[in-house]
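The values are calculated or read from the model by the stated rules, or taken from the named source; none is laboratory data. From a predicted model like this one, the values you see are computed outputs, not experimental measurements. Positions of Cβ are backbone-derived with ideal geometry, glycine not excepted, and every protein chain shown enters the neighbour counts. To get the accessible areas, we keep the full protein, side chains included, count just its heavy atoms, and leave off ligands, DNA and RNA. Shrake-Rupley method; radii C 1.70, N 1.55, O 1.52, S 1.80 Å.
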Amino acid sequence: MRINEVPGTLNQKLFFSLLIGLFVLSGIAHYAHFGTIAEFIISALAILVVAGFLGKATESVAHYAGQRLGGFLNATFGNAAELIIAIFLVREGLFDMVKASITGSIIGNLLLVLGASVFLGGLKYKEQRFNVQLASHNSSLMILAVIALGIPAIFISTQHFSAHKSELLSLTIAGLLIVAYILWLVFSMITHKDILADIEEATPDHGEEAAWSKSTSILFLVLATVMTAFVSEWLVSTLHTFTAKFGFSEVFIGAFLIAIVGNAAEHSAAVMLAMKNKIGAAVEIAVGSSLQIALFVAPVLILVSTFFGPTMDIIFTPIELAAIAVSVFIAKSISKDGTTNWYEGALLLFVYIILGISFYLV
């Protein structure tokens with residue numbers, strides 16, 4: 001059964017039984033102290049199913065809101081798991097793991113999610129098209145993200161930057177990125193909405209029906225977000241012991257394991273949309289989610305950290321910056337013409353595998 005597609009009453013009952021069962025079991029495992037390994041595995045499975053529920057709810061809401069707004073909602077609520085996990089990590093002072101998870105989310109969406117969507121969609125359709133102007137603006141925003149995350153690492157590394165100046169620069173850049181992201185939403189959703197409209201919206205498919213009614217979809221969206229918050233906290237509580245026991249680096253855990261688990265909703269939703277020849281919506285989810293992580297989630301985490309103690313700076317390691325820059329470069333190269341095919345998807349997946357092996361061996 002595919003988590004993000006639950007056709008029929010029987011399959012819905014099986015899915016909700018699995019959802020409730022794993023959620024309850026994860027809570028019992030956490031509070032009854034089943035052991036780190038068991039708690040981690042159960043929580044990881046639970047968050048995957050909860051993320052699937054979240055993805056299904058956002059897809060149903062998107063049916064009523066339209067493709068572009070729907071893609072934005074999917075990316076936003078799909079990132080809810082990532083944001084919630086990261087906030088708990090910030091509270092624990094695990095700043096390196098937070099930055100690694102931010103890196104993992106950006107490269108995971110640009111390479112894994114977009115790559116899988118383009119590859120599987122391309123196997124079914126020889127060539128898929130989406131709005132080329134939207135692709136151009138997305139590319140510019142991705143470059144902005146690389147600049148915003150890279151410049152602080154260069155300047156703060158000099159001897160002229162004290163801890164106070166580093167904190168001030170991090171908070172200033174965080175504020176500017178949030179403003180830039182809000183302006184992008186105004187530009188893309190209001191002032192230039194028609195120009196950036198997706199190709200599929202010109203010929204919408206009225207044959208498909210939403211899984212639930214509008215009010216039920218919204219209710220499930222809120223419920224899924226709350227469930228994500230609980231399971232995320234249970235998962236984070238196991239990471240200290242888990243990383244020490246198996247010798248994994250915080251960078252690998254954050255950049256790949258947490259990122260993959262936290263972004264499960266986008267993974268499933270984007271791939272399913274691409275296989276329905278809605279590549280524009282899939283790109284909106286994958287690329288839009290990366291932009292949201294870089295321009296909104298990361299800055300918010302920096303601001304939130306000030307309430308828990310020391311402010312998390314915006315300095316990423318050279319390895320993390322290189323991974324982000326490489327991901328942006330290949331994604332920009334492939335998406336700039338507004339067309340995709342299965343081979344381009346394969347290229348994105350190859351780059352993701354290369355980075356994954358490299359992070360594992362660090």
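Annotations for the structure displayed:
- Residue in the range 283-292 that is among the acidic types (Asp, Glu) and either on the phi > 0 side of the Ramachandran plot or open to solvent by less than 50 Å² (accessible area, probe 1.4 Å) (or both) present: yes
- Single residue of Ile151, Ile156, Ile143, Ile147 found to be closer than 19 Å to Tyr181 by Cα and touching a Lys or Arg at 6+ places or on another chain (Cβ under 9 Å): Ile143
- Residues of the range 212-228 satisfying the condition of being open to solvent by less than 80 Å² (accessible area, probe 1.4 Å) and farther than 13 Å from Phe53 by Cβ: Ser213
- Sub-8 Å Cβ pairs linking a first residue in the range 320-348 that is in contact (Cβ under 8 Å) with a residue 24 or more places away in the chain to a second residue that is of a type in the set (Asp, Glu), at least 6 apart or interchain, are Ile334/Glu344; Thr339/Glu127; Thr340/Glu127; Asn341/Glu127, ordered by first then second residue.
- Of residues in the range 332-350 being at pLDDT below 90 and in a helix (DSSP H, G or I), the one surrounded by the most Cβ atoms within 10 Å (Cβ to Cβ): Ser335
- If you go through the range 78-96 and pick out every residue that is at pLDDT below 80 and more than 15 Å from Val231 (Cβ to Cβ), you end up with 1.
- Flag if Val226 is at pLDDT 80 or above, touching an Asp or Glu at 6+ places or on another chain (Cβ under 8 Å) and either farther than 25 Å from Ile107 by Cβ or of a type in the set (A, V, I, L, M) (or both): no
- Taking the listed residues Glu127, Glu201, the one that is under 30 Å from Glu344 (Cα atoms), more than 21 Å from the chain's Cα centre (by Cα), modelled with pLDDT of 80 or more and open to solvent by 20 Å² or more (accessible area, probe 1.4 Å) is Glu127, with no other qualifying.
- Residue check, Val146 out of contact with any His (no Cβ under 9 Å at 6 or more places or on another chain) and either at positive phi or surrounded by 21 or more Cβ atoms within 10 Å (Cβ to Cβ) (or both): no
- Options Ser105, Ser101, Ser117: the member that is more than 26 Å from Ser249 (Cα to Cα) and open to solvent by less than 30 Å² (accessible area, probe 1.4 Å): Ser117
- The lone exception for Phe316 - which of (1) under 26 Å from Phe246 (Cα atoms); (2) in a helix (DSSP H, G or I); (3) open to solvent by less than 60 Å² (accessible area, probe 1.4 Å); (4) of a type outside the set (Lys, Arg) it fails: (2)
- In the range 286-303 there is at least one residue matching the filter, namely being more than 17 Å from the chain's Cα centre (by Cα) and within 23 Å of Leu83 (Cα to Cα).
- Just one of the numbered conditions (1) more than 28 Å from Leu303 (Cα to Cα); (2) within 17 Å of the chain's Cα centre (by Cα); (3) open to solvent by less than 10 Å² (accessible area, probe 1.4 Å) is not true of Gly122: (2).
- Among the residues making up the range 153-181, those that are more than 28 Å from the chain's Cα centre (by Cα), over 18 Å from Pro318 (Cβ atoms) and not polar (S, T, N, Q) are His160, Ala163, His164, Lys165.
- Restricting the range 230-266 to residues that are at pLDDT 70 or above and in contact with a Leu (Cβ under 7 Å, 6 or more places away or on another chain), the residue that is farthest from Val49 (Cα to Cα): Ile253
- Answer residue from the range 20-38, given it is closer than 10 Å to Val49 by Cβ and out of contact with any Phe, Trp or Tyr (no Cβ under 6 Å at 6 or more places or on another chain) and is most open to solvent (accessible area, probe 1.4 Å) among those: Ile20
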